[in-house]
Amino acid sequence: MGNQFLLEGKTILVTGASSGIGRGVAVECAKMGAKLVINGRNQERLAQTLAMLEGDGHIVLAADLTDHHSVEAMVEHLPQLDGVSHNAGVTSIGMIKFMKENDWYDLSQTNVFSAIWLTRCLVARKKLNRPSSVVFTSSISGNDSVRHGEALYAATKSALSGFAKAAALDLAPQGIRVNCVHPGMIMTELFQSAQDTLTQDIDELKKLFPLKRFGAPEDVANGIIYLLSDASSWVTGTELKIDGGYTLV
Amino acid sequence: MTLDQFVQIFAEQFDETPVDQFTPSTDYKELDEWGSLTALSVITMVDAEMEKRITGSNLLACTTIEDLYNFIQKL
């Protein structure tokens, strides 16, 4: 038996691949031998991701996953899949008393609905092989801990992790595994923009992590690769924290 | 929004500090209640009430409430 942690011969859809964790996942999965379908909204940045991928035969499918017509159209064009890494997501920081009516709708469309509708369409169109593996990038926020101002974000991420567990149970008879990773603070463009609302010194913040650094997209990608690979073939409905020990203290 | 209105709405972001402690010349970072939660409240208040985006580092760079008000007016 070969190395079960490799992804050779597998076709994997990576959403949110135009930046951040999604881009890191695409790059690392290609190194492990996977053939990729990369999705995002920004064609130009997806082309940059494509250029970073090792190996041949990768394809780009740009689509806005918050729009159900776009999801349905994209799924029609997908090849048969052995794995999905769903990373599309946005952050939001704000105080409860200043929430606006549309804030929940906007955030949950990207962070929750996209995951639910993508899964629904993949299953309905029988695009997921038996066996296959779906991995959602959720968060420690709302599931393992919260910080001030994260109420809406935490609500979307715990909804996502809740959906993943239920999907794991419902899809197990079809040989489809569903798992989540729960990253802590990862150095991405998203983090850089969220940093504008941080009122703590960045070096002070780093001290909150027992492993003394923020995460890199590759740290999350490696956990996702495990969950996509045959090495985790008896793992479903689990939540893998990747947070440098942040939630231990 | 006038400076006086800004001072008043700034004060509303604090739960324990008495309102009379807030004047245009208050050095807000010296207040006992100043911290990440009150700072976040001010950032979201400015966004919601004045439709201007300020950052944590902007708050750290200003000293008095009037400094902050003037900074926001220039945005």
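Since every read-out is calculated from the coordinates, none of them should be taken as a lab result. The structure displayed is predicted, hence computed values, not measured ones. Cβ sites come from the backbone with ideal geometry, for glycine too, and all protein chains shown count toward neighbours.
By how many nm would the segment from residue A:47 to residue A:230 lengthen if fully extended, with 0.36 nm per residue of separation less the alpha-carbon distance? Can you show the working numbers first?
On the way: separation 183, 0.36 × 183 = 65.88 nm, distance 2.90 nm.
Between residue A:47 and residue A:230, full extension yields 63.0 nm more.
Helix A:43-52 sits at what angle to the longest principal axis of chain A, using alpha carbons and giving 0 to 90 degrees rounded to 10? For A:43-52 against chain A, the angle is about 70 degrees. Here the stretch A:89-152 is treated as a Stokes sphere of Kirkwood radius computed over C-alpha pairs; at 4 °C and 1.567 mPa s its diffusion coefficient rounds to 94 µm²/s. Per residue of B:40-47, other chain Cβ atoms within 10 Å of the residue Cβ number 6 on average. Taking only Cα atoms, what is the 0 to 90° angle, nearest 10, from helix A:68-77's long axis to the longest principal axis of chain A? Here the helix axis deviates by roughly 30 degrees.
Chain B and the stretch A:149-190 have their alpha-carbon centroids 36 Å apart. The alpha-carbon atoms of chain B, seen along their principal axes, cover 29, 24, 20 angstrom, with the largest extent given first.
Rounded to the nearest 500, what is the protein assembly as shown's calculated 222 nm mean residue ellipticity when only DSSP H runs of at least 4 contribute -39500 (n - 2.57) each, over all residues? List each step's numbers first, then the result.
On the way: 13 runs with 134 residues, N = 324.
Calculated mean residue ellipticity at 222 nm is -12500 deg cm²/dmol.
Tell me, B:74, A:157 in order of fewest to most beta-carbon neighbours within 10 Å?
B:74, A:157
Starting with the fewest neighbours, write out A:98, A:136 ranked by other beta-carbon atoms found within 10 Å of each beta-carbon. Provide the component values of the computation, followed by the final result.
On the way: A:98 16, A:136 29.
Taking fewest neighbouring Cβ atoms as first place, the list is A:98, A:136.
Taking a quarter of the surface of the Cα convex hull of the stretch A:11-248 gives a mean projected area of 12.5 nm². In chain A, excluding the sites themselves, the longest stretch lacking any of the GluC sites (Glu not before Pro) that are in a DSSP loop with at most 15 other Cβ atoms within 10 Å is A:55-249.
Restricting to DSSP loop positions (anything but H, G, I, E, B) with no more than 13 other Cβ atoms inside 10 Å of their own Cβ, which trypsin sites (Lys or Arg not before Pro) remain in the stretch A:205-249?
Here the sparse-neighbourhood loop sites are A:207, A:212, A:213.
For the peptide A:95-108, the mean number of other protein chain Cβ atoms found within 10 angstrom of a residue's Cβ is 2.
As a footprinting exposure proxy, order A:125, A:23 by other Cβ within 10 Å, with the fewest listed first. Kindly include the intermediate steps, with their values, before the conclusion.
On the way: A:125 12, A:23 26.
Ascending number of Cβ neighbours within 10 Å: A:125, A:23.
Quick one: angle between helix A:217-228 and the longest Cα principal axis of chain A, in degrees between 0 and 90, rounded to 10, please. In chain A, helix A:217-228 runs at an angle near 40 degrees to the longest axis.
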